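I have placed the structure first, in the form of structure tokens, so that the comments after it can refer back to it.
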Amino acid sequence: MIALDGADGALLDKASRDGMLPSLAALRARGRVKYLTAHAGATDDALWASFQYAASMGEHGRYHYEQRLRSGKFGMVCTDEIDRETFWETSPDLRIGVFDIPKCRLPRQFNGIHLADWLVHGRYFHEPRSYPATLAGDVVTRFGAAPPSRCDHEGRLNDTEATAVVANLRLAVARKHAAALHYLSSEAWDLFIVGFKEAHCASHALWDLVDGADQKFDPARNSRLGAPIDMILGDIDRAIGDLVSSAGPNTEIVVFSTTEMQPNATLAHLMPEIVDRMNRILGESHWTRFVRHVVKARDRRWWPLCEMLPYNENCAALRINPSVVFKDGGVEVERSRLLDQVESLLMELREDQTSQPVITMIDRAARQHAGARAAELPDLLVHYRAGLCPGVVCSSRLGRIEAKPPGLRPGNHAPGGFLIVVGDKLDASKVTGMQNLGPMAMRVLNGSSGLPTDESGFARFS
């Protein structure tokens, strides 16, 4: 299984059809392809949790790398997941290698090897971690440490910065290429999973070079810089070709990407004031606000009525305080009333200069996802219009809200993803998203039958 973290699915589809990526084109010719889906606004943290735990968002409850933990404090979500079982730990008789898949909780003992946070986008740990514990050090010693990364930069890169970023990403691909080949060929694995992060970093930083929907789309600059995203995808494609060749002709192959990409957007610089004004309209008392802001009490009674949760740039996450003492009616009735009010207030917001709406959609994530941990998800996910980063928004009830816009990375995630499967046993007919990929592989390894066929004898693949 080869994971192309953050690689735009539509770009991979086109490039594997027109021959720009010959290794993917060859796999596509041998196998089957389909698009993946994901909840709108789902973070890469949520998607990788769905992959490793083979579970929906409502079941695993992860929506961001920083969440309110069982202790009541905000912290790294993976610290609350140490007891959870990944799909590769469900069959102890199988020998499995997990090589640098992003957003994993701490590796632990199982029948195989697990390297985490060597060359990934968005590390959970300060340094690579692994099982066995010596593996991380051996990888760094033999193949090198992670090159410098600019994944969290603000604003667009100039040509000098872009050239340096691309050089480091290509170096990272080369190191992952060499290391993955070494460990893949070191023994006969039942399952080997490897992740490449470089398309993720490149798309955040350089998406304006390839997406005509970006206001600063500049094909001439893309050409002048040597088509960086195409170059990085080409390096990854060569690594895929070598890994597939090393695995042998009878190996079942799964190549997948996690998302689409689109022009970035944000209201993050305006949302604290927006939420503060909404809380006043919702009826939060002056005393509650005083205690929270001045005394800084940590008791749940003083949390905001509507709380803004950590989230991505292009979407806001809100939660109604579960500790609020509601005065009228049942708790759920009152929560629904407050959610209705919040949605109404947000949908009234307009960009000051154009009078265009700034919110495209609001969904109630905690209610739309069934599962044991659905209540841990945000009550509301607020989606901003792609490419939007205004300095001023206004509405009749919230008034005029102004703040200096931040410098934004050009690209951010959109729902999607792309899948290629090669092999007679892999059945992806029911695969819709990241949560289905592990079980699809494990069904093959645990001896289930091959692909179902229709009356003509051809494998069914939707």
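The values are calculated or read from the model by the stated rules, or taken from the named source; none is laboratory data. Given the structure is predicted, the values throughout are model-derived calculations rather than measurements. Quick reminder, even Gly has a Cβ in these numbers, built from the backbone with ideal geometry, and neighbours come from all protein chains shown. For the accessible areas, the whole protein counts, side chains as well, though only heavy atoms, and no ligand, DNA or RNA atoms are used. Shrake-Rupley method; radii C 1.70, N 1.55, O 1.52, S 1.80 Å.
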Toward the positive end of the charge dipole of the chain, about the Cα centre and with charges on Cβ (Lys, Arg +1; Asp, Glu -1), which of ASN436, GLY72, ALA146 goes farthest? GLY72
Per residue, accessible area of the chain with a 1.4 Å probe, heavy atoms of protein chains only, in Å², comes to 43 Å²
Under the rule of at least 5 residues apart or a separate chain, name every residue whose amide H is placed under 5 Å from the amide H of GLU307. ARG319, ILE320, ASN321
Using the charge dipole of the chain (Lys, Arg: +1 at Cβ; Asp, Glu: -1 at Cβ; taken about the Cα centre), state which of PRO304, GLY226, GLY391 has its Cα farthest towards the positive end. PRO304
Of every hundred units of 1.4 Å-probe accessible area on the chain, the number belonging to carbon and sulfur atoms, as a percent, is 51 percent
Mind listing the long-range amide H neighbours of LYS103? Cut-off is under 5 Å, sequence gap 5 or more, other chains count too, H placed in the peptide plane at 1.01 Å from N. TYR124
Counting DSSP beta bridges with both partners in the chain, what percentage is antiparallel, nearest 5? 70 percent
On the first, second and third principal axes, largest extent first, how far apart are the outermost C-alpha atoms of the chain in Å? 69, 54, 51
At GLU66 and SER223, where each label point lies 7 Å from the Cα along Cα→Cβ, what is the point-to-point distance in nanometres? 4.3 nm
Would you mind computing, in nm to one decimal, how far apart the modelled labels at ALA145 and ASN111 are, each placed 7 Å from Cα along Cα→Cβ? 3.7 nm
Spelling out what I want: for every residue of segment 436-442, take phi, set θ = phi - 60°, compute 6.51 cos²θ - 1.76 cosθ + 1.60 (Karplus), and round to whole Hz; glycine and proline get x. 8, 6, x, x, 4, 5, 5
So what is the relative contact order of segment 200-248, in percent, for Cα pairs below 8 Å that sit 6 or more residues apart? 28 percent
Express the relative contact order of the chain as a whole percentage, based on alpha carbon pairs under 8 Å and six or more residues apart in sequence. 26 percent
Give a residue-ordered list of calculated ³J(HN,Hα) values for segment 86-101 (Karplus: 6.51 cos²θ - 1.76 cosθ + 1.60, θ = phi - 60°; whole Hz; x for Gly, Pro). 7, 5, 6, 9, 7, 10, x, 7, 8, 9, 10, x, 10, 10, 6, 7
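Cα-Cα over 32 Å: which of LYS176/LYS404; LYS73/LYS216; LYS73/LYS430; LYS34/LYS404; LYS14/LYS425? Don't skip to the end; give the middle numbers.
Numbers: LYS176/LYS404 40 Å; LYS73/LYS216 40 Å; LYS73/LYS430 38 Å; LYS34/LYS404 42 Å; LYS14/LYS425 26 Å.
From LYS176/LYS404; LYS73/LYS216; LYS73/LYS430; LYS34/LYS404; LYS14/LYS425, over 32 Å: LYS176/LYS404; LYS73/LYS216; LYS73/LYS430; LYS34/LYS404.
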Over what distance in Å are the Cα centres of segment 400-415 and segment 153-226 separated? 22 Å
Go through segment 173-185 residue by residue and turn each phi into a ³J(HN,Hα) via Karplus (6.51, -1.76, 1.60, θ = phi - 60°); whole Hz please, and just put x for glycine and proline. 4, 4, 5, 5, 3, 5, 5, 4, 4, 4, 6, 4, 8
Could you compute how much accessible surface PHE51 exposes when probed at 1.4 Å, giving the result in Å² to the nearest 10? 0 Å²
Hey, can you grab everything whose amide H is under 5 Å from the amide H of LYS34? Only 5+ residues off in sequence or another chain; H modelled, so Pro and N-termini drop out. LEU419
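Treat every Asp and Glu Cβ in the chain as -1 and every Lys and Arg Cβ as +1, leave all other atoms uncharged, and give the resulting dipole magnitude about the Cα centre to the nearest 20 debye.
Working: 53 positive and 57 negative charges, 168 e Å.
Using Cβ point charges on Lys, Arg, Asp and Glu, the chain gives about 800 debye.
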Quick one: compute the contact order of segment 328-423, relative version, from alpha carbon pairs under 8 angstrom and 6+ residues apart, as a percent. 21 percent
